[in-house]
Amino acid sequence: MKKITFLITLLTISFSFGQTNLITYGNFESPQATGKITSASSPWSSSVGYTSGQSSVNNNSSVAHLGDQFLAMPNDFTNVRQSFTAVANTTYTLSIWYQFIMGQGTPDATDGIYVSIRNDDGSDSGNGSQFSTPIQVYIDPSTIDGSWHELTLEFTAPQANLLLFMTKQARAASGPNNAARMDDISITEKLLSVKDLAQFKFTASPNPAKDYINISAAKPINKIEVYNLLGQQVINSNLNSTRQDISVSNLSKGVYILKAFIEDATGTYKFVKE
């Protein structure tokens, strides 16, 4: 674990979101090794045991989205996955660039790719499990033109330990399937829109905090919520005030997420309790 003193240097008093990519080697470039992705691969792995169904990292700058390397997914019955750690109750944006390869049969709506954010529950298969409300999107290849396209999925992390899972599940009954390429995969905290708390001149200090955090704004702050990094809510307070001292004296030392609500805008920042 990173030391609190190191974290302090990374945290600023702001309500913008960082853009650290939670996915490792999402661009599949070196030092990501080329070759088949298996159950023993890292950080990308697969539960597919037979060679013809295993995806692979290929090196070909003429077809990669950017750079030299990309993920090649065969025409069906394949999956690729990676575990990552999020901050529960934080909103993220998943971005994937994908391309269905033309010339291998006519694409149809049964030959796409399911992309999901799952509970990394340590199951024997390693594929995790769907949440009661699935976080999932289907990439339909029936209208794809052979070019690179970007998929984005916005989701709120229900817990810290998560799994990105991508799979082609079935061979199309109408004919040959289309293989696919994936590249430049990222999961980053959602950027606030232009209508964020900056317009209300929201401030919060100090950081690190010992006993109190003072928050203020030009308009009444409706409420605040504070979460630890496990996603557990530790403070929930209705304010309806432009200025308030929030007591954090009872919190354990560590990093916390504060959410502030003003009108229909929400801002979030990280702070250290010392």
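Coordinate-derived values only; no laboratory data. Owing to the predicted nature of the structure, the values given are computational and were not obtained by experimental measurement.
Observations on the model:
- Shape of the range 183-274, Cα gyration tensor, a/c cut at 1.5: oblate
- Mean-position separation - Cα centroids, the range 46-60 and the range 203-228, in angstrom: 49 Å
- Extension gain, Lys253 back to Thr156 (0.36 nm per residue minus Cα-Cα distance, nm): 32.4 nm
- Partner aspartates and glutamates for Lys201 [C-alpha distance under 20 Å; skip if fewer than 8 residues away on the same chain]: Glu225, Asp245, Glu263, Asp264
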